[in-house]
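Have a look at the structure below, then the notes.
Coordinate-derived values only; no laboratory data. Treat the numbers as computed from the prediction; the structure is a model and nothing was measured. Ideal geometry is used to build each Cβ from the backbone, glycine not excepted, and the neighbour counts take in all protein chains shown.
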Amino acid sequence: MSTISQGSLEPFHLATGIDGWEEWIERFKNLAEANSAQETGYLSLFFLNHCGGELYGLLRDALAPEEPKTKSFERLVQTVTEKLDPNPCIYTARAKFYTREQRTRESAEEFMTELRRLARRCCFEAAPTAAERMELQLRDQFMIGMSDNVTRDRLLLDPKISMADLYMTALNAETTVAQSRLLDSMKP
């Protein structure tokens, strides 16, 4: 039994990146709900028939030798997300958020909309106490403002590192560099 799809959605374009993907998949879920695609068990096929050739090609290549139609909707979404944003970094997202300023001729509404868009990628945890909020903000600013790029690159591999571990790692890195310079100065 076939039914006509209610509503429409343009195909996803890879050039819009992870931000475009997050918006598109949200709109797709609304379309799928309007068409009861999840209830009928055809959500993956409904998705594959609406995603467009570009995205289908990405999925086909990423999932080869298996076919995209053999995967669950959740697996398809996860695959696309991982391809578009393979290493999401909360510190980069938070640096963009914390340094964003209102632009000339940008309305307060536009500025707030942009801040909300940037905040979505920041993974701000709920910190129930003032001390926990301060710890979170100290960790963010320490990571974002750190001048030692080598140490920061290593620390970025662990997005959940505690402030204490972050601080100790930075201190140890400074000590190691100082000791290495001392050893180099002793060479003839």
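By the Cα gyration tensor, the stretch 58-113 has an equivalent ellipsoid whose semi-axes, rounded to whole angstrom, run 37, 13, 9 from largest to smallest.
Write down the Kirkwood hydrodynamic radius of the stretch 35-81, to one decimal in angstroms, obtained as one divided by the mean of 1/r over all alpha carbon pairs. The partial results should precede the final answer.
Values: mean 1/r = 0.0932 Å⁻¹.
It is 10.7 Å.
Could you work out the relative contact order of the chain, using alpha carbon pairs under 8 angstrom and six or more residues apart, expressed as a whole percent?
Numbers: 110 pairs, mean separation 28.7, N = 188.
Over the chain, the number comes to 15 percent.
Panel order for Phe111, Phe47, by other beta carbons found within 10 Å of each beta carbon, from fewest to most: Phe111, Phe47.
In degrees from 0 to 90, rounded to the nearest 10, what is the angle of the helix 108-120 Cα long axis to the longest principal axis of the chain? In the chain, helix 108-120 runs at an angle near 80 degrees to the longest axis.
Computed from Cα positions, the angle between helix 130-145 and the longest principal axis of the chain comes to roughly 80 degrees. Springs join every pair of Cα atoms under 10 Å in this Gaussian network model of the chain, and among Val150, Val177, Val80 the largest mean-square fluctuation is at Val177.
Once every DSSP H run of n ≥ 4 in the chain is given -39500 (n - 2.57) and the sum is divided by its residues, what mean residue ellipticity at 222 nm do you get, rounded to the nearest 500 deg cm²/dmol? Kindly include the intermediate steps, with their values, before the conclusion.
Numbers: 10 runs with 122 residues, N = 188.
Rounded to the nearest 500, it is -20000 deg cm²/dmol.
Normalising the Debye intensity of the stretch 90-180 to I(0), with uniform scatterers on Cα atoms only, and taking log10 at q = 0.19, 0.21, 0.22 Å⁻¹ returns -0.93, -1.05, -1.11. Just to confirm the number: angle between the C-alpha axis of helix 53-63 and the first principal axis of the chain, 0 to 90 degrees, nearest 10? Long axis of 53-63 versus the principal axis of the chain: about 60 degrees. Relative to the compact-globule estimate of 2.2 N^0.38 Å, the Cα radius of gyration of the chain comes out at 1.42.
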